[in-house]
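Participant: Below is one structure. I have some questions about it.
The values are calculated or read from the model by the stated rules, or taken from the named source; none is laboratory data. None of these values were measured; they are calculated from a predicted model. Cβ atoms come from the backbone with ideal geometry, glycine included; neighbour counts cover every protein chain shown. Calculation scope for accessible area: heavy atoms of the full protein, side chains included, ligands and nucleic acids excluded. Shrake-Rupley method; radii C 1.70, N 1.55, O 1.52, S 1.80 Å.
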Amino acid sequence: QTLNSQKYRLDAFRQWCAEENIENLNELSGRSLLEFKQSRSEDLNSVSLKGQLDTLRAFIRFCESIDAVER
């Protein structure tokens, strides 16, 4: 169930990356993550937004830990 929840929370990020033509996570910057946050804040309440961003943060930290992305 946790895995399904995380997948659901990351789906909006995946869709946003597709819309922004981001095909490699190394293309992300702090600025692009801020743009994602701002776009999601238009659709979500603060609690849901925090949950999605927390999951995204954990995912990016995991990617860093396995050298899948630059720090």
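Participant: Within the range 29-38, identify whether any single residue is assigned to a loop (DSSP other than H, G, I, E, B) and charged (D, E, K, R), and answer yes or no.
Facilitator: Within the range 29-38 (the criterion being assigned to a loop (DSSP other than H, G, I, E, B) and charged (D, E, K, R)), the answer is no, since none of the residues qualifies.
Participant: Only residues that are of a type in the set (Phe, Trp, Tyr) and open to solvent by 70 Å² or more (accessible area, probe 1.4 Å): list them for the range 1-40, please.
Facilitator: Across the range 1-40, the qualifying residue is only 8.
Participant: Inside the range 24-34, can you point out the residues that are over 11 Å from the mean Cα position of the chain (by Cα) and closer than 14 Å to residue 68 by Cβ?
Facilitator: Once the filter is applied, which keeps residues that are over 11 Å from the mean Cα position of the chain (by Cα) and closer than 14 Å to residue 68 by Cβ, the range 24-34 yields 24, 26, 27.
Participant: Residue pairs, Cβ under 6 Å, 6 or more apart or interchain, first in the range 41-68 and within 14 Å of residue 16 (Cβ to Cβ) and without any contact (Cβ under 8 Å) to a residue 24 or more places away in the chain, second open to solvent by less than 90 Å² (accessible area, probe 1.4 Å) and among the hydroxyl-bearing types (Ser, Thr, Tyr). List them.
Facilitator: That search, which allows pairs on different chains as well, returns 49/41.
Participant: Which of the residues belonging to the range 2-20 are of a type in the set (S, T, N, Q) and at pLDDT 95 or above? Can you show your working first?
Facilitator: Quick first cut of the range 2-20, residues of a type in the set (S, T, N, Q) only: 2, 4-6, 15.
Within the range 2-20, 15 is the sole residue that qualifies.
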